């Protein structure tokens, strides 16, 4: 008993030193869920339980990718989901804890790159008794309910999609812009159809009315006076000059 208390005290001390802070880019809060008993708990980064829990779950990216065969029996035991939240809104890390019937063994699957993949690493808890005690203290180790679920088991390791290079993103943006411009040019002539239709309809309506205008009106339009016309004539200066001489 004394030994367990001392181990827990050491874990708390290490947690206070190792726990990441919000301003350093780490999580700010944690959500603990037991699907089978339908119990939940939450802690903020300023709480001692928060730091202790992170320490007991271990560091991410350590262990093995494939599920160990010895874990098959534990897969049917209680599963506790521990989700660490960045800025209280974005999942940052997920620990799935399997508390098998063997009280000396607790398996943990840790996925620490949730923005890209749920791939994670399997490892054994270094302090299974302390981890069980903390989960019980948090109130997520109650009896199984008939309406609860067994939780979602970790998937097999998959290759996450590669991040696009900046050049690829820029090229995709330019291509999308050209495509939008082409579509606009190709489909722009459709906007002229309503105008053409209205013009044709007006022509059909006006034509019968124009053909029945009074004959006098149409005749006046056809025979309207164009106004005075000018005529250019050539004048022989010599004849004009002879006349003036004869008069003299």
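Quick notes
- Between residue 136 and residue 76, the simple spin-label model (points 7 angstrom out along Cα→Cβ) gives 2.4 nm.
- Applying 1/(1 + (r/R0)^6) with R0 = 30 Å to the Cβ-Cβ distance of residue 104 and residue 147 gives a FRET efficiency near 0.45.
- Rounded if a/c under 1.5, otherwise prolate or oblate - the range 26-137, Cα gyration tensor axes: oblate
- Compared with the direct C-alpha span, the chain from residue 38 to residue 118 gains 26.5 nm at full extension, assuming 0.36 nm per residue.
- Across the range 26-137, the mean sequence separation of Cα contacts (distance under 8 Å, 6 or more residues apart), normalised by length, yields a relative contact order of 27 percent.
Readers should treat all values here as calculations from the given coordinates under stated rules, not as data from a laboratory. Note that the structure is predicted; figures quoted are calculated from it, not measured. Ideal geometry is used to build each Cβ from the backbone, glycine not excepted, and the neighbour counts take in all protein chains shown.
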